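See below for the structure under consideration.
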Amino acid sequence: MYNNTPNFTLFFQKIHNKHPKLAQKLRLGTGLGTILVNSVAISVPLYGAGLAKTLLGSKWGDKVVLSIANHWINTNNRLLDTLMPERDWRISMPDDLKKDGRYLLVCNHQSWVDTSVVQYVSQSHLPVTRFFAKHELLYIPIIGQAFYFLDFPMMKRHTKAQIAKNPILATVDLEEARRACKLLADKPFVLLNYLEGTRFGNDKHARQHSPYTHLLKPKAGGFALAIASLGDKIDGILDMTVVYPDGVPNYGELWAGKMTRLGVDIRHLKMDERLFAQLKEGKYDNDEAVKAELFDFLDEVWTIKDERIGQMISKFDD
């Protein structure tokens, strides 16, 4: 996706050809080291602009935060192109995506690497992607605060037992999501929702008795809330499918260059206009028929995605 720096790319490729394990260690150290240095370097302007935005409502601060995020993502993506060996990354997406568009994006979820993949794929084609993040991430220096300044919905996800003891907790996440969605409404955005609600795992798959081979059951609440909050603003809904033919990598394996094969498919997702209008009106929470119809819609989407995953994986072995 980027014009690599030939000397560095050739350097790492030569080492990889002669000493693969050494090359992996060098890639991992170079990649994570650069990310760390870059993150520390942007921390002061990030906090300054973020506080100006949050406390003073500064539009300048908002623009600076977004510019810093784009710089950070762009640096990471160039690192991937420079450090990685020859790759078989198969990426398919529509030609009509807009860098200044407004989209809801649904995706399967397997690893923290998914987020880096989304950033890599969307950098030249879509706005900065936000996603429903765990509130605990706020405590990660720099990264957590960047999420908040960028208007990520930061969800606490209380347990049923906690809500039973204190019913007011049931509305906390809803209000947080509404806050974040309201701040996104007048700017280009991609709001990513991992519909499974957690990363795929064989144990989770078994506990759920999931009807899908490669997926957990989809959850609809956050998706319905996003449509209710942003439905009048969005240009469309996108469906991203990510596959790792050689097994799901962790973050270190990505930067060590072990993830040589990757499949990504993005396509437009069409929803019945009547259902979409009902969701925009907020009927998901108080109309069981609308809720059931949305689950039927997501089941159809997930069934097709499940088949697509199998097809994408099999094509790597053709």
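The values are calculated or read from the model by the stated rules, or taken from the named source; none is laboratory data. Because the structure is predicted, anything quoted here is derived from the model rather than measured. When we count neighbours, we look across all protein chains shown, and the Cβ atoms used for this are built from the backbone with ideal geometry, even at glycine. Protein only, heavy atoms only, side chains kept; ligands, DNA and RNA dropped before computing areas. Shrake-Rupley method; radii C 1.70, N 1.55, O 1.52, S 1.80 Å.
Placing 34, 82 in order of accessible area, with the largest value first and a 1.4 Å probe, yields 34, 82.
With R₀ set to 51 Å, the beta-carbon distance separating residue 317 from residue 296 gives a calculated FRET efficiency near 0.90. Across every pair of non-identical alpha carbons in the chain, the mean reciprocal distance, once inverted, gives a Kirkwood radius of 21.0 Å. Each part reduced to its alpha carbon centroid, the range 68-85 and the range 90-169 end up 19 Å apart. The tail of the calculated P(r) for the range 28-168 beyond 26 Å holds 33 percent of all Cα-Cα pairs. If the chain linking residue 219 and residue 100 were pulled fully straight, counting 0.36 nm for each residue of separation and taking away their Cα-Cα distance, it would gain 40.0 nm.
All Cα-Cα separations within the range 64-147 were binned at 10 Å from zero, giving a P(r) of 13, 46, 35, 6, each value a whole percent of the pairs.
Treating the angle as unsigned and between 0 and 90°, give the value, to the nearest 10°, between the Cα long axis of helix 20-56 and the longest Cα principal axis of the chain. Helix 20-56 sits at roughly 40 degrees to that axis. The value obtained for the range 169-318, namely the Cα convex hull volume divided by the number of residues, is 155 Å³ per residue. Given a 1.4 Å probe and the protein chains as shown, residue 281 ends up with an accessible area of around 120 Å². Remark: the residue 277-residue 161 segment gains 38.4 nm on full extension, using 0.36 nm per residue and subtracting the alpha carbon distance.
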